[in-house]
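Comments concern the structure below.
The values are calculated or read from the model by the stated rules, or taken from the named source; none is laboratory data. Keep in mind the model is a prediction, meaning the values are calculated, not measured. So basically every Cβ, Gly included, is an ideal-geometry build from the backbone, and we count neighbours across all protein chains shown.
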Amino acid sequence: MARTDDDSWDITEGVGATALGVAWARSQEASSECALFTDTYAQRFIDAAMDRGWQLPPAHMVERIRAIANYAASRTKWFDDFFLAATAHGIAQAVILAAGLDARVWRLPWADDSVVYEIDQPMVLAFKTEVLADDRPAARYVPVPIDLRQDWPKALCDAGFDPEEPTAWIAEGLLPYLPAEGQDLLFERIHDLSAPGSRIGVESFGAGFFDPEYLASRREQLRQMREAAGTSDTEASEAPDVADLWFIEERTDVADWLMDHGWRVSSEQADALMLRYRRPPTADITPRTTFVEGVRG
Ligand code: SAM
């Protein structure tokens with residue numbers, strides 16, 4: 001599925017299906033000996049998608065997701081902790097950008113009177129709200145179904161967001177799906193909507209992630225996994241590599257951007273984070289990302 005400037009998707013298609021891939025990875029944490037988090041919703045999303053005819057990706061891609069399971073678990077835990085810290089600092093308004101099948105509104109202990117806005121494509125959020133229709137969120141939940149390349153600040157404010165209130169924002173598993181210019185615009189908009197005391201947590205994909213050699217070695221690993229798993233050409237073409245959905249372009253460094261705009265920033269690279277959570281990184285497989293936290297002074 002080639003990307004276009006105004007493409008859209010359902011949960012089982014293209015970029016939408018990446019949310020199912022992440023949910024599947026999170027569902028695997030239930031069988032971990034020492035789970036970093038509990039997400040009982042993840043399996044329900046997978047079951048509901050399968051009821052609609054979605055199939056797990058072919059074996060080699062499942063193998064790849066499994067190979068980065070410790071990364072996915074560490075990432076989930078990092079963003080969970082980010083929101084817990086924001087709540088402890090008295091922030092009661094949160095925005096989850098590109099929420100996909102993130103179930104934090106249902107599974108984290110939010111403070112009373114908290115409100116969480118979730119932005120994602122309309123069909124993705126419609127699937128999620130349908131699956132969780134009978135579940136009580138732990139905060140006031142406000143879905144904002146809109147593409148992040150459109151005028152989402154207006155949609156967010158129309159939905160009740162208060163730019164005068166400090167906000168906790170997260171961008172997890174999002175940035176490669178936005179063009180470099182779209183990423184810059186995203187941060188400009190977040191900055192404009194952030195009252196003093198606001199916080200942001202970002203999974204940042206820098207030059208190391210988009211390095212051509214690294215991307216080539218990643219493709220080669222996938223090819224080897226495909227060969228080992230005996231995936232057929234048809235299966236492979238029906239489930240393209242997620243990298244085909246990324247905008248592989250030189251990007252502004254997120255930490256630098258935030259610092260230049262007056263945010264206090266701390267960063268941790270993925271492998272250091274994983275060691276801290278006792279989930280050893282795997283050389284050449286762990287994504288070359290950085291977890292960036294910013295506080296607006
Ligand atoms: N943040 C979620 C998580 O970690 O579980 C989902 C991550 S998933 C890899 C990527 C998500 O980004 C999908 O839900 C997709 O619909 C959303 N997304 C990507 N580009 C988007 C855009 N331009 N507008 C709205 N949502 C977008």
- Which of the residues spanning segment 167-185 are crowded, with 21+ Cβ neighbours inside 10 Å and over 19 Å from Thr18 (Cα atoms)? Thr167, Ala168, Trp169
- Task: Report, ordered by the first and then the second residue, all pairs with beta carbons closer than 7 Å, sequence separation of six or more or different chains, a first member in segment 131-146 that is within 12 Å of Leu108 (Cα to Cα), and a second member that is part of a loop (DSSP other than H, G, I, E, B) and within 16 Å of the ligand (Cβ to nearest atom).
- Result: Ala138/Leu108
- For segment 260-297, name all the residues that are outside any helix (DSSP H, G or I), of a type in the set (Gly, Ala, Ser) and under 19 Å from Asp81 (Cβ atoms). Ser266, Ser267, Gly294
- Within segment 76-93, how many residues are away from the ligand (no atom under 13 Å from the Cβ) and under 28 Å from Ser8 (Cα atoms)? 1
- Unmet requirement for Asp47, which otherwise passes all of (1) farther than 21 Å from Ile11 by Cβ; (2) away from the ligand (no atom under 15 Å from the Cβ); (3) in a helix (DSSP H, G or I); (4) acidic (Asp, Glu): (1)
- Message: Within segment 196-207, does at least one residue satisfy the condition of being modelled with pLDDT under 95, among the hydrophobic types (A, V, I, L, M, F, W, C) and more than 14 Å from the ligand (Cβ to nearest atom)?
- Response: yes
